[in-house]
Amino acid sequence: MDSKDHWHERYIAQVWLGINYFSDLLNDSALLIGDFNSNKIWDYASRIASHTDVVNYLDSKNIHSLYHLQYGENQGEETKPTLFLHRKIDKPYHIDYCFASDNLMQQGYSIKIGDYNDWIQLSDHVPIMINFG
C-alpha cells in the first residue's frame, strides 16, 4: 500500500484495482464498506485512478454512496467527517464510505456518522453505522 516502488498504486488506486479485479461480483448485490483513504479533494494526485474514477465506475454498476444519497451532498463537499487526522478536531476529512447496489438500497436504509467526542479516545476514525430495511 505504501510502496515507494509502486507509488501510483497507493490509496484509492488499491480500491480501483480491487473493483476491477472483482468486477463480476459487482453485477448483483454489492456492499463495499471501509476506509478508502480517499476523497475527491485529492483527485489531483498522480495515481492509476482517482477517487472520482472509482465513484463513476461504481455508479456505472448501479452502486452508490449511501452517505451522499442520504445527505444530498456531492463528493468532496461532505459536511460530516469520518477521520480526524492525528485525532485533531481541526483536521477533519471524509474518507470512509459505504457503497451499496440499487437492489440493497430499495429495502430502505439509514446511515449515521459517529460523533467525534464519542469516539476520539478509541480511534482517529468515527464509525459509519448503516441500517437496512
Among (1) surrounded by 11 or more Cβ atoms within 10 Å (Cβ to Cβ); (2) free of Cβ contacts under 8 Å to residues at least 60 places away in the same chain; (3) over 15 Å from the mean Cα position of the chain (by Cα) - the single one N103 does not satisfy: (2)
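In the stretch 106-118, which residues are surrounded by fewer than 16 Cβ atoms within 10 Å (Cβ to Cβ), in contact with a strand residue (DSSP E or B) (Cβ under 9 Å, 6 or more places away or on another chain) and modelled with pLDDT of 95 or more?
To start, the set of residues in the stretch 106-118 that are surrounded by fewer than 16 Cβ atoms within 10 Å (Cβ to Cβ) comprises 106-108, 110, 112, 115-118.
From the residues that got through so far, the ones that are in contact with a strand residue (DSSP E or B) (Cβ under 9 Å, 6 or more places away or on another chain) too are 107-108, 110, 112, 116.
Hits for the stretch 106-118 are G108, S110, K112, Y116.
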Can you name the number of the only condition in (1) at pLDDT below 95; (2) closer than 20 Å to D124 by Cβ; (3) touching a His at 6+ places or on another chain (Cβ under 9 Å) that D43 fails? (2)
Checked L58, L69, L122 against criteria (surrounded by fewer than 19 Cβ atoms within 10 Å (Cβ to Cβ), at negative phi, among the aliphatic types (A, V, I, L, M) and under 14 Å from the mean Cα position of the chain (by Cα)); the one match is L69
D90: passes all of (1) surrounded by 14 or more Cβ atoms within 10 Å (Cβ to Cβ); (2) part of a loop (DSSP other than H, G, I, E, B); (3) out of contact with any His (no Cβ under 6 Å at 6 or more places or on another chain) but (1)
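Residues of the stretch 43-55 being assigned to a loop (DSSP other than H, G, I, E, B) and crowded, with 16+ Cβ neighbours inside 10 Å, which ones? First the steps, then the outcome.
As a first pass, look at the stretch 43-55 and keep what is assigned to a loop (DSSP other than H, G, I, E, B): 43-50.
Scanning the stretch 43-55 gives D43, R47, A49, S50.
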Among what's in the stretch 20-42 and is out of contact with any Gly (no Cβ under 8 Å at 6 or more places or on another chain) and in a loop (DSSP other than H, G, I, E, B), pick the residue that is nearest to E73 (Cα to Cα). S38
List the number of the failed condition for V15; all other conditions in (1) within 23 Å of M105 (Cα to Cα); (2) modelled with pLDDT of 95 or more; (3) not hydroxyl-bearing (S, T, Y) hold. (2)
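Which one is nearest to D96 (Cα to Cα), of the residues in the stretch 28-39 that are surrounded by fewer than 17 Cβ atoms within 10 Å (Cβ to Cβ) and not small (G, A, S)? Lay out the reasoning, then the answer.
We begin by selecting, within the stretch 28-39, every residue surrounded by fewer than 17 Cβ atoms within 10 Å (Cβ to Cβ); these are 28-29, 31, 33-35.
If we keep only those that are not small (G, A, S) too, we end up with 28, 31, 33, 35.
Working: D28: 23, L31: 13, I33: 8, D35: 4 Å.
That would be D35.
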Checking K80 against (1) surrounded by 13 or more Cβ atoms within 10 Å (Cβ to Cβ); (2) assigned to a helix (DSSP H, G or I); (3) modelled with pLDDT of 95 or more, the condition it does not meet: (2)
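The values are calculated or read from the model by the stated rules, or taken from the named source; none is laboratory data. Treat the numbers as computed from the prediction; the structure is a model and nothing was measured. Virtual Cβ from ideal backbone geometry, glycine too; neighbours counted across all protein chains shown.
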